[in-house]
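See below for the structure under consideration.
The values are calculated or read from the model by the stated rules, or taken from the named source; none is laboratory data. These numbers come from a predicted model, not from an experiment. Note that each Cβ is placed from the backbone with ideal geometry, even for glycine, and that neighbours are counted across all protein chains shown. Surface accessibility is based on the protein's heavy atoms, side chains included, excluding ligands, DNA and RNA. Shrake-Rupley method; radii C 1.70, N 1.55, O 1.52, S 1.80 Å.
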Amino acid sequence: MESDVASRIAQRSLAKRRADYAGEVRRLLDAALELMRAGGTTSRPRVADIVAAAGLSNEAFYRHFPSKDALVAAILEDGSERLRGYVAHQMSKEPTPEGKVRRWVAGVLSQASGDVAATTRAVLWNAGGVTGPAPSGPPSVTGLLAVLLREPFAALGSADAAFDASLAAHATVGTLADHLWGRSVPAPSDVDRITAFCLRIVKT
């Protein structure tokens, strides 16, 4: 009985600590992202700037991240997951595989428009300052987005949906990067052309 009580109390304490720590991480991610957005491609925030903006301490920062590079990597991962969720939601609005592919292309290229483009550009620029070997971890945004194309590509008759989806994702994300760094906004005709390209991949 005593061990059961002790275990329950310990679990409650751990659950509270996990919630507190998750809140700290979110504050650090949000503060760093806002500072990156404000600095654009001209200045990179320091750890001191990030913890001050988050209202936390250096101890809290290093409790979760061994370095600022690790924080930037987490911001990239967080942004990739958000983009994957947004594109998946857009695709769910279409009943046909062709429509899903077009929604996918439009969703990816939407990252080169408006405030989203400025934020994405700032994060990628900060990530360009990361030193040392690339950490192994979750798949890149290209990989996450490619997974979303597998189902519609298979429905369209692709003989190798995973390969075709990866090829289409690399081409489309590459085009997105060109628009981001060229500070240009994709036109509807760009969506049409890339959608047609993706559909040709399946039929090749």
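Kindly indicate the residue of the stretch 93-117 that is touching a Lys or Arg at 6+ places or on another chain (Cβ under 8 Å) and outside any helix (DSSP H, G or I) and also most open to solvent (accessible area, probe 1.4 Å) among those meeting that condition. The selected residue is LYS93. The residues listed here are ALA15, ALA32; of these, the one that is in contact (Cβ under 8 Å) with a residue 40 or more places away in the chain, part of a helix (DSSP H, G or I) and open to solvent by less than 50 Å² (accessible area, probe 1.4 Å) is ALA32. For the stretch 148-204, a tally of residues being open to solvent by 30 Å² or more (accessible area, probe 1.4 Å) and not in a helix (DSSP H, G or I) returns 9.
So which residues in the stretch 68-88 are open to solvent by 50 Å² or more (accessible area, probe 1.4 Å) and within 15 Å of the chain's Cα centre (by Cα), if there are any at all? Within the stretch 68-88, LEU76, GLU77, GLU81, ARG82, ARG84, TYR86 meet the criteria. The set of residues in the stretch 39-67 that are aliphatic (A, V, I, L, M) and exposed (fewer than 13 other Cβ atoms within 10 Å of the Cβ) contains only ALA48.
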